[in-house]
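J.: Below you'll find the structure I mean.
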Amino acid sequence: MKMGLLNDKFAIVTGAASKNGLGKSTAKLFAEQGATVAILDLDQAAAEAAAAELGAQHVGLACNVTDKEGCFSAVQKLMETWGQIDILVNNAGITQPLKMMEIEPKNYDAVLDVNLRGTLYMTQAVIPHMRERKSGSIVNISSVSAQRGGGIFGGPHYSAAKAGVLGLTKASARELAPDNVRVNAVCPGFIATDITAGKLTPEMMETILAGIPMARAGEARDVAGCCLFLASDLSAYVTGSEVDVNGGSLIH
């Protein structure tokens, strides 16, 4: 067996069924590096299909991250199958390009629930096991939008949710560090994925690229590489950090 950074590791990636998304790309890289991966997504068939693409030993499960019981039962199922969980990537997220005065209660609830509440629930679900084994790495996906106050695609409620993810990351990192469970965040800048596909005019694209010193949109694999670093033992002494993957669009 070829040496991989994640040999003998078991990883969960949420929201990883969409074809060109960050989660799918991360799951693929993890599998290539030797991990056994569970893809959690809303649709069982989509999750199973995405897992099958990675190889026979990988698992697809239906899970709505905003449902606490659902998160705990998905983790329980995986524990029965695998016996251990080493890595959690909280990737499930949604965005809405709304202006301040357009945010209705239902918009606020949807965006905060998936991005922030879902990250909390999934983290809660894996903590008892990781604590018991005194080992684990949790990677939360935030956004440059949280750091610079939006202005790319998501509305203010998206910025607020992703900023909440940063606060949650740091607080959980502090609390879990004595048990050797690490929690870090990745803050992608503008990445070309299904979420943004077809929603941007050429003019919008030009404006976005003008603000990126590296002069290109990010790709899902750019984010996956950082998730791999944070999931692996290469980052054994890194916790509570936020890693920027933005081509220089925010240097702070």
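J.: Hey, Val181 hits all of (1) within 18 Å of Asn115 (Cα to Cα); (2) buried (at least 21 other Cβ atoms within 10 Å of the Cβ) but one; which does it fall short on?
T.: Evaluating Val181 over (1) within 18 Å of Asn115 (Cα to Cα); (2) buried (at least 21 other Cβ atoms within 10 Å of the Cβ) leaves (1) as the failure.
J.: Between a residue in region 62-74 that is acidic (Asp, Glu) and any residue that is not in a loop (DSSP other than H, G, I, E, B), which pairs come within a Cβ distance under 8 Å, given they are 6 or more apart or on different chains?
T.: Short answer, once both residue conditions are applied: Asp67/Tyr121.
J.: Let me ask another. Consider Met101 against the criteria (1) touching a strand residue (DSSP E or B) at 6+ places or on another chain (Cβ under 8 Å); (2) surrounded by fewer than 16 Cβ atoms within 10 Å (Cβ to Cβ); (3) not in a loop (DSSP other than H, G, I, E, B): it satisfies all of them except one. Which criterion is unmet?
T.: Status for Met101: all satisfied but (1).
J.: Here's another thing I want to ask about it. Counting only residues that are more than 17 Å from Ile103 (Cβ to Cβ) and either touching a helix residue (DSSP H, G or I) at 6+ places or on another chain (Cβ under 6 Å) or of a type in the set (S, T, N, Q) (or both), which one in region 144-165 is surrounded by the fewest Cβ atoms within 10 Å (Cβ to Cβ)?
T.: Gln147
J.: Follow-up question, since we're still on this one. Residues that are part of a loop (DSSP other than H, G, I, E, B), among the aliphatic types (A, V, I, L, M) and within 25 Å of Lys9 (Cα to Cα): does region 198-210 have at least one?
T.: No.
J.: Also, I was wondering about something else. List pairs: first residue in region 91-119 and more than 28 Å from Cys227 (Cα to Cα) and β-branched (Val, Ile, Thr), second residue in a helix (DSSP H, G or I) and at pLDDT 95 or above anywhere in the structure, Cβ distance under 8 angstrom, at least six positions apart or on different chains.
T.: Note: pairs meeting the criteria are Ile103/Pro156; Ile103/His157.
J.: Residues being small (Gly, Ala, Ser) and over 22 Å from Ile208 (Cβ atoms): count how many of those fall in region 140-181.
T.: Qualifying residue count for the region: 6.
J.: Give all pairs with beta carbons closer than 8 Å in which a residue from region 29-56 that is over 19 Å from Ile87 (Cβ atoms) meets a residue that is of a type in the set (S, T, N, Q) and modelled with pLDDT of 95 or more; count only pairs at least 6 apart in sequence or on separate chains.
T.: If the second residue must be of a type in the set (S, T, N, Q) and modelled with pLDDT of 95 or more, the pairs left are Leu42/Asn64.
J.: Find the residue count for region 198-244, including only residues that are hydrophobic (A, V, I, L, M, F, W, C) and farther than 19 Å from Leu88 by Cα.
T.: Result for region 198-244: 10.
The values are calculated or read from the model by the stated rules, or taken from the named source; none is laboratory data. From a predicted model like this one, the values you see are computed outputs, not experimental measurements. Here Cβ is always computed from backbone atoms with ideal geometry, including for glycine, and neighbour counts include all displayed protein chains.
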